[in-house]
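Below is one structure, written out as structure tokens; comments come after it.
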Amino acid sequence: MKKFLVVVDMQNDFIDGALGTKEAVAIVPAVTGKIRSYEPDCIYATRDTHGEDYLRTREGEKLPVPHCVYGTKGWEVRREVAQAMPEAVYVDKPVFGSAKLPVLLRERLEKEGIREEETQIELVGLCTDICVVSNAILLKTFFPKARIVVDASCCAGVTPKTHRAALETMRMCQIDVCSDREGKGE
């Protein structure tokens, strides 16, 4: 089984910045531990990426809190997380789910001759109820034969309640949800 890790939006603004939470701060050590359990070249990381015009976008109208503006400290991946994954492939995304991520993974599988059914893609990061669930469902759609896993202990939502709701949604979509650092599943 070829295993890939997707680290979703572990950026300063989501951890202790503009949209930070104590739950997001709390998962940082678990996420860095999870990263270290993967082959360095099998890690992909998304970054929520907005421009100075964020408040004039559809998302900005619904969430009027400027965050993850390209080039700012809030946009940067948390230092200890970034240091744990020096070979990660970064994917900047202007919306919740990345259309580019599954394309990059598909190219990698084809290049290396890896069959989809022999692939596991695990997701960790922020926010469970927005970007993690969006990317998990996109990956499940693009890779229906692969095992898609989300480690709940390495994710945090906007609130604990919406975190749990997103985990249940992913379970209903046949995404394996685990709460350990080995991705065994619940």
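Here's the list of lysines a cross-link from Lys140 could span, going by alpha-carbon distance under 29 Å and ignoring same-chain residues fewer than 8 apart: Lys2, Lys3, Lys34, Lys62, Lys93, Lys100, Lys111, Lys161, Lys184. Farthest toward the positive end of the dipole of the chain, out of Tyr54, Gly97, Cys42, is the Cα of Gly97, where the dipole comes from beta carbon charges about the Cα centre. Projecting the Cα positions of Ser134, Leu63, Ala30 onto the charge dipole of the chain (unit charges on Cβ atoms of Lys, Arg, Asp and Glu, taken about the Cα centre) puts Ser134 furthest along the positive direction.
Local charge for Glu80 was computed over the other residues whose Cβ lies under 15 Å away, with Lys and Arg +1 and Asp and Glu -1, and equals +3. If you take the Cα centroid of segment 107-132 and the Cα centroid of segment 46-92, the two points sit 21 Å apart. Run the quick spin-label model on Met172 and Glu116: label points 7 Å from Cα toward the beta carbon, then report their separation in nm to one decimal. In this crude spin-label approximation the distance works out to 2.4 nm.
Of the two radii for segment 59-108, the radius of gyration is 1.03 times the Kirkwood radius, both from the alpha carbons; that is the Rg over Rh value. Near Val8, once Lys and Arg are set to +1 and Asp and Glu to -1 for all other residues with Cβ below 10 Å from its Cβ, the sum equals 0. With everything on Cα atoms, drop me the angle between helix 22-36 and the longest principal axis of the chain, reported from 0 to 90° to the nearest 10. On a 0 to 90 degree scale, this one is about 30.
Read-outs: derived from the displayed coordinates by stated rules, not from any lab. Bear in mind that the values here come from a model prediction, so they are computed numbers and not experimental data. Every residue, glycine among them, receives a Cβ derived from its backbone with ideal geometry; neighbour counts consider all protein chains shown.
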